[in-house]
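Worksheet for the structure shown next.
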Amino acid sequence: MNTSPPTVVLVYQRTTLPWVFDSAERAGIRLVLVPRPDEDVAPDRLPPAVSDVLRLDVDRDRAGALAALRKLHETTPFQGICSLYDPAVPFVAEAAELLGLPGIGRDAALGAQDKRVMRERLATAGLNVPRFVRLEDPRGWEEATRLDFPVVVKPAHGFSSLGVTKADRPERLKAVVDEVWQICRAKLGRVEGLVVEEFLDGPEFAVESLAHRGEVTVCTIGYKGEPEGPYFEESVYRAPALLPAAVEDAVRREVTAAHTALGISDGPTHTELRLRGGERPYLLELGARIGGSGVSQYIVQHVTGRDFAADALRIAAGLSPLSFGDGRTPAATGAAANYIVPCGGSGRIESVHGLAELHDDPRVDHVVQMLFPGDVVRPYPDFTGYPAFVLSRHTTTAEAEEFHRTLETAVSVEYTPEGSDR
C-alpha cells in the first residue's frame, strides 16, 4: 500500500502569495511548483510544501511543457495538476487529460476561460445572460451597435480588469473596440476575439464554490462593490454578503446551474456576478480555479473556518474533500475582507503611503504589496496590476466596511509622470 503523501503540480503560482502553500502543508500534499517565467525563485526561500521546482514556459512552448510534464510523470509520478492563474487553466486541463489525471477536461476549461463560449453555453442553458455579440475581427464592430447602450467590451481570453471598457454610446464603440484589440495584442501576445455585451447595473458579488463529482457547494458569497466603469477597477471584497434569504437562494441556484452548463463537475470555482435590480443574478464570469491567486482561500477560511484550498488540492489529486461537499452553504462564523488598493492614477510610482502602518493593525493578517516605487503603471484600459492587497478579519461585515472606509483615505499611491527627471 502506497502511504507516501500525494503530489500535485502547481502551475504559475507566485510564492509571495502564501495561502495555497499553507493549505497544502496542512493537508499533507507535496507541491511541484512551476513558477511564472518572470519570477526568480530562491531554493532556500521556497514554502515548506514545495518539494521540487519545474521550469516550464506554458505560453511560448506549450508542446515542450507538456512533454516535460509527461517525462516527469513517467519518472516521478504525481497525482494531480492545478493552477490558480486563469490563463493557465486550459493548459492544466490538457495536461491532466494527457496524463490520465483528475481534471475538468479541455472542453469545460474552454467554456470557463473563453467568455464567448461561456456566454453561449449559459444562454443555451436558459440562465440569465445579457445580450451580447462576439467579435472575431475589430472591423465587425457595427454588429454590436444593435445592442442597448451602454455596453462593455471584454477580451475573450482576458483576466482581471485587462481591457474591460464601457462604451456609453454607439459613436464611441469603434474607438473602444480598436483600443481593447490593441491592448490584447500588446499584453497577451495574441488576439482571439472580443465580447461586447450590454452593461449590467446593480451590485457585484463574488461566489466561491467547490464541486465534487457533480455536487456543488457554495462556500461563501462576498460583496465586490458597484463599479460603474468605464474601466471597472476592483476595490473591495467583503464576506459574507448581507443578502435577503430569497436573493441568496437565487444566487446559489444560478451559480450551481452554471457549473452544469459549463460542465464543471470537480474542483474550485470563482464566480463574479451582478444583481440586476438588486435581486436577479447575472453571471459576469465563472473561473475554474481558486480566485485572486489564493485570496479566495483566505476569505473562505476566515468566514467559515474551513480549508477551501486544501480541499481543492485534494480533489486535484483524486481524493475526496474533507471540509466541504455536502452541497450546502456553510454557516458564517466571522467576516473577512480584502481591500484592493486602487492604482488611482498612472505614471512611475514615487511612493505608496499608508501600508507600513497596517502591519501592526490587529485586524490585518496580510499586506501583500505587488507594485513598488519605480514601477510604471499604465493608464486604463491597460492593466498593470494592483498596488497591494490588505487582508483582514472582522467580527461582522459591517466592521469590515467601516475599516475599508478608513483605508480609502489612509492608503494612496503617489506618481511621477513617466519620463520625468524628478
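For the stretch 50-189, the Cβ-based charge dipole about the Cα centre amounts to some 260 debye (Lys, Arg positive; Asp, Glu negative; other atoms uncharged).
A cut-off under 14 angstrom between Cβ atoms defines the neighbours of residue 333, and their net charge, with Lys, Arg +1 and Asp, Glu -1, is +1. Dipole of the chain computed with +1 at Lys/Arg Cβ and -1 at Asp/Glu Cβ about the Cα centre; of 202, 7, 162, farthest Cα towards the positive end is 7.
The heavy atoms of residue 141 present about 50 square angstrom of accessible area, all protein chains included, probe 1.4 Å.
Computed with a 1.4 Å probe on the full set of protein chains, the accessible area for residue 237 sits at about 10 Å².
Across the stretch 143-259, the volume of the C-alpha convex hull divided among the residues equals 136 Å³ per residue.
Basic side chains Lys and Arg get +1 at the Cβ, acidic Asp and Glu get -1 at the Cβ, and with that the dipole of the stretch 1-42 about its Cα centre reaches some 160 debye. Since only 366, 51, 237 are under comparison, the one whose Cα sits farthest along the positive direction of the charge dipole of the chain, derived from C-beta charges on Lys, Arg, Asp and Glu, is 51. Residue 142 sits with roughly 120 Å² accessible to a 1.4 Å probe, with DNA, RNA and ligands left out of the calculation. Taken about its Cα centre, the stretch 109-209 carries a charge dipole of about 240 debye when Lys and Arg each add +1 at the Cβ and Asp and Glu each add -1 at the Cβ.
Taking all Cα-Cα distances within the stretch 268-406, those exceeding 28 Å account for 30%. Protein heavy-atom accessible surface, 1.4 Å probe, per residue over the stretch 57-199: 44 Å². Its Cα gyration tensor gives the stretch 124-205 an equivalent ellipsoid; the semi-axes, largest first and in whole Å, are 19, 15, 13. The average projected area of the stretch 1-121, computed from the convex hull of its Cα atoms over all directions, is 8.5 nm².
Ranking 328, 45 by solvent-accessible area of protein heavy atoms (1.4 Å probe, all protein chains present), from largest to smallest, gives 45, 328. Ellipsoid semi-axes for the chain, based on the Cα gyration tensor and the rule √(5λ), read 30, 26, 25 Å when sorted largest first.
Assuming 0.36 nm per residue, please report the length gained on full extension of the stretch residue 265 to residue 405 beyond their Cα-Cα distance.
46.5 nm
Fraction of C-alpha pairs exceeding 15 angstrom in the stretch 300-354: 64 percent, rounded to a whole number. Taking only protein heavy atoms and a 1.4 Å probe, the accessible area of the chain is 48% carbon and sulfur. Shown for the stretch 51-159 is the translational diffusion coefficient from the Stokes-Einstein equation, using the Kirkwood radius over Cα pairs, a temperature of 25 °C and a viscosity of 0.890 mPa s: 150 µm²/s. Applying 1/(1 + (r/R0)^6) with R0 = 41 Å to the Cβ-Cβ distance of residue 376 and residue 201 gives a FRET efficiency near 0.75.
With a Förster radius of 45 Å applied to the C-beta separation of residue 137 and residue 356, the computed FRET efficiency comes to 0.40. Taking a straight line from the alpha carbon of residue 115, these lysines sit under 24 Å away, with near neighbours fewer than eight places off in the same chain left out: 154, 166, 174, 187, 224.
The values are calculated or read from the model by the stated rules, or taken from the named source; none is laboratory data. These numbers were taken from a predicted model, which means no experiment stands behind them. Using ideal geometry, Cβ is built from the backbone for each residue, glycine included, and neighbour counts are taken over all protein chains shown. For accessibility, only protein heavy atoms count, side chains too; no ligands or nucleic acids. Shrake-Rupley method; radii C 1.70, N 1.55, O 1.52, S 1.80 Å.
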